[in-house]
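Below is one structure; the comments refer to it alone.
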Amino acid sequence: SRPHKLPWKATDEERAIVCVLRQATGFPLDDLTFIVTHFLPHLNRDAVYRILKAEGLGRLPPAQQRQRKSGTFKDYDLGFVHIDIKHLPKLQTADGERRKRYLYVAIDRCSRWVHLAVKDDELATSAVAFLKEAVRAFPFKVTHVLTDRGSCFTADAFEDACRQLKLEHRKTKPYTPQTNGLVERFNGRVQREVLGITIYSHR
């Protein structure tokens with residue numbers, strides 16, 4: 001009989017991260033693997049493929065494939081970074097605990113650089129910490145940050161951090177998530193998804 005345990009070393013949370021990234025970015029396998037292995041180096045291309053296949057995400061839907069061909073960020077200058085927070089399912093983490101966690105994603109719209117972090121909440125303190133981490137991680141000067149109007153991004157602490165870092169903070173207009181691209185329903189709620197971008201080698 002088939003073993004119930006998956007044949008690769010990935011926690012439930014890590015598998016959820018791979019799936020959320022696939023949903024959120026629409027990256028093909030090679031591009032997704034490039035990102036995943038940077039942050040989860042023990043997961044190779046085969047592991048990423050098996051995770052996606054097991055969750056029914058092995059192939060991009062036609063709509064995402066079309067969006068990838070037509071949607072580009074070439075009109076943006078280097079340093080225009082979109083930050084979003086994705087809710088991960090409440091799953092067992094590497095330390096054996098079951099708790100809800102949040103995947104923070106920062107994508108530069110010109111170079112396609114991506115920075116990720118998993119945090120325990122979506123409070124302003126975590127958003128500020130991630131902003132500073134992302135600014136340090138990108139190999140170029142970040143000039144603009146685009147976010148939604150979530151409370152962690154409209155908080156004084158986040159606005160103050162943007163000013164200190166000399167970043168222009170732009171927020172999507174209320175009820176118009178199209179500002180950031182295709183609207184996609186994920187995990188029971190509508191979230192803005194950045195699609196149609198490709199990761200290139202950072203060499």
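All of the numbers you see were taken from the coordinates with simple rules; none came from a lab. Just so you know, these numbers come straight off a predicted model, no measurement behind them. Don't worry about glycine lacking a Cβ; one is built from the backbone with ideal geometry, like all the others, and counts go over all protein chains shown.
The calculated FRET efficiency for Leu123 paired with Lys9, based on their beta-carbon distance and R0 = 41 Å, is about 0.85. For the residue pairs Lys86/Lys141; Lys53/Lys119; Lys119/Lys141; Lys132/Lys171; Lys86/Lys171; Lys100/Lys171, the alpha carbons lie more than 22 Å apart in Lys86/Lys141; Lys53/Lys119; Lys119/Lys141; Lys100/Lys171.
For Asp95 and Asp30, the FRET efficiency from 1/(1 + (r/R0)^6), where r spans their Cβ atoms and R0 equals 41 Å, is about 0.85. Once the chain from Thr143 to Asn44 is taken as fully extended at 0.36 nm per residue, the excess over their C-alpha distance is 32.3 nm.
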